[in-house]
Structure formats: structure tokens, C-alpha cells
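The next block holds one structure in the form of C-alpha cells; read it before the comments.
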Amino acid sequence: MAEGLVGRVKRLVSGGVNQIVDSIENATPETVMAEAIREVDRATDQVRDELAGVLANKHLANTRLSETSSRHEELQGQIALAVREGRDDLAEAAIAQQLDLEVQIPVLETAVADAVREEKELEGYINALKARKRELESELAAFRKAQQQNAADSAVAGEAAGADSVEGRMRKAEEAFDRVMSRSTGLPGSGPANRENAAKLAELEDLARKNRVSERLAALKAAAKDA
């Protein structure tokens, strides 16, 4: 995959919303966040195009490797027949072709291995982008919900408290956006829901680690028993 696309994917996955969107002048926070989601979609499509090319190359390399290996084995039988028949000239011709095939096989094997490695890498990028899109969509939904709540609060408060003013609504929207940005950049949240979620994730991570330890211990015991 081109280095430019690799860097772009890493930026989209690791950056905040404002880093994902290079420049949108005079745009609302909702517009910026929606554009960030579209940018992730565009990058995902590009990576999928790259993956399609890699899969095609892998198929061609696999096909060529299979044909070359089969031909090499076929020649081996023909060489044995020529030797039995005393046809050294035919055996020499087949051996020469075998030697040509033998220098091609390692190159084809490397091409297949490279394609498999790149396929896994691209699939990982696609999965990371899809996960990032889900995060952004969740953040956008939270921001819209906060806007709706702000509008409802403003209507209840009335003009006397000043909450119904344009400045008041903008301030509340900006505060909601700041909270979303905090989550996007990975900074710790302050609410009880965030703390509860963090505790659950920590518990899940601990459970997964204990499971990996148990699996490795079981594998070592099995290996020792077989030995």
C-alpha cells in the first residue's frame, strides 16, 4: 500500500475530529463531525481497492506457483523415463527446463507470502477504519442528542434566565462539542458513566489476560507431556 495512504489511515484512526478534517471554514461542529465520517468512508474505499488488487495478484502468483511446481514434478517423471530408455539428450533437455523452473519457484513463493502479508495488513486497516467510523458515529449521535437536550432546556428556562438567547444556545452546543472532542482524543471523561465503562473495560482486559495465561500454560503442559 502506498505510504501516503498508510499515513492517512493512521491519521484517521488515531487523530481527533479536527485532525481528520483538514479545513472546513465557518462550519458547525455537526458539519465537521459528519465530514470526518465521510473522510473515513473514503479512506476505507481506497484501502478496499488496494485489497482487491492484492487479492488478484495473490491469485495469479498462486496459480503460477501451482503450475510451475506441477510441471517440475512432471519433468521428474519424464527424466526418469528418458534415462531408462537411454535417451540422454531428452533427459538433458528436461533437466535444463527443471533448472529454469527451480529458480522461479522461490520467487513465486515470496510473491505469494508478500501478498498474504499485505492482505492481512490491509484487512487490519479496514477493520480499524470501520471501528473508527463507529466511534465517530457514536460521537455525532451524542452531540445531536446534547443539542436536542439543550434546546429543550432552553425552552423550559425561558427568556428571563437568558438561556433562550442565541449566545446561550451556542455556548451549550460548544460545551457539548468539547465533551465529544474529549472522548475522541482519548482524554479521560469525568462522568460516572465514563468511570463505570472504564471499570468494565479494565475488568474485560484482565479476564482476557488471564485467559491467555491459562491457554499458554495448557499448551506448555501438553508439549511437556508429548515430549
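Could you say whether any residue in region 132-147 is more than 30 Å from Thr31 (Cβ to Cβ), surrounded by 12 or more Cβ atoms within 10 Å (Cβ to Cβ) and not β-branched (Val, Ile, Thr)?
Kept after step one, since they are more than 30 Å from Thr31 (Cβ to Cβ), are these residues of region 132-147: none.
No; the residues of region 132-147 include none that is more than 30 Å from Thr31 (Cβ to Cβ), surrounded by 12 or more Cβ atoms within 10 Å (Cβ to Cβ) and not β-branched (Val, Ile, Thr).
Conditions first: (1) of a type in the set (Ser, Thr, Tyr); (2) modelled with pLDDT of 95 or more; (3) closer than 29 Å to Arg8 by Cα. Thr44 passes all but one, so which condition is the exception?
Unmet for Thr44, out of (1) of a type in the set (Ser, Thr, Tyr); (2) modelled with pLDDT of 95 or more; (3) closer than 29 Å to Arg8 by Cα: (2).
Given the criterion crowded, with 16+ Cβ neighbours inside 10 Å, under 30 Å from Glu137 (Cβ atoms) and more than 17 Å from the chain's Cα centre (by Cα), identify the matching residue among Val13, Val54, Val32, Val47. Quick ask: steps written out before the conclusion?
Details: Val13 fails: more than 17 Å from the chain's Cα centre (by Cα); Val54 fails: more than 17 Å from the chain's Cα centre (by Cα); Val47 fails: more than 17 Å from the chain's Cα centre (by Cα).
Selected residue: Val32, the only one of Val13, Val54, Val32, Val47 that is crowded, with 16+ Cβ neighbours inside 10 Å, under 30 Å from Glu137 (Cβ atoms) and more than 17 Å from the chain's Cα centre (by Cα).
Tell me, please, whether a residue that is under 30 Å from Leu12 (Cβ atoms), of a type in the set (Asp, Glu) and surrounded by fewer than 16 Cβ atoms within 10 Å (Cβ to Cβ) can be found in region 101-115.
yes
The values are calculated or read from the model by the stated rules, or taken from the named source; none is laboratory data. Bear in mind the structure is a predicted one, so any value in this text is a computation, not a measurement. Methodologically, a virtual Cβ is constructed for each residue, glycine included, from the backbone with ideal geometry; neighbour enumeration extends over all protein chains shown.
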